[in-house]
Amino acid sequence: MKMRYALVPSRAVGDQDLSNGSFRTLASLCLFTSQMGIAFPNQETLASIRGCTQANISKQMKLLRELNYVVDLQPQGRKRRGSFKRGNRYFIPTLASDPIPSWEEVKSDYLSEVRKPPHGY
């Protein structure tokens, strides 16, 4: 098994407003970030990693958005048949002051081979 790691914003470690579950969801989300801090796993994938329900992930993502740990970006690609909407695309700022990447930067961003999720996720 390959060793995996995640770069989690250090400000989240001592944030008393962040629940333990939300912190773990943030850490799970960070497993998928590119070099620019962009990630696009779906909530089912995060729930599978966390061992919880998609509904829990949805609640925790709401808190992460409110506390500015997660910023929603415009999805890329087309909507899949039978899906509610196009895929999620998030920006995870390392520092609260990090600027949101431009659409041109987002379009050219990619996930390197070493940061791709393990098979099955």
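Residue by residue, region 43-56 carries 3J(HN,Hα) couplings of 5, 5, 5, 5, 5, 5, 5, 6, x, 9, 8, 5, 4, 5 Hz when phi is fed to the Karplus relation 6.51 cos²θ - 1.76 cosθ + 1.60 (θ = phi - 60°); x denotes Gly or Pro.
Based on the Cβ-Cβ distance of residue 10 and residue 55, what FRET efficiency does E = 1/(1 + (r/R0)^6) give at R0 = 25 Å, to the nearest 0.05? The computed FRET efficiency comes out at 0.30. Sequentially through region 30-36, phi angles give Karplus couplings (6.51, -1.76, 1.60; θ = phi - 60°) of 5, 4, 10, 6, 7, 4, 8 Hz, Gly and Pro residues having no value and appearing as x.
Once the chain from residue 62 to residue 36 is taken as fully extended at 0.36 nm per residue, the excess over their C-alpha distance is 7.2 nm. Ordering 104, 66 from the fewest to the most neighbouring beta carbons within 10 Å gives 104, 66.
Each value in this text was obtained by applying a stated rule to the coordinates, not by laboratory testing. All values derive from a computational prediction rather than experimental measurement. Neighbour counts are summed over all protein chains in view; Cβ atoms, including those assigned to glycine, are modelled from backbone coordinates with ideal geometry.
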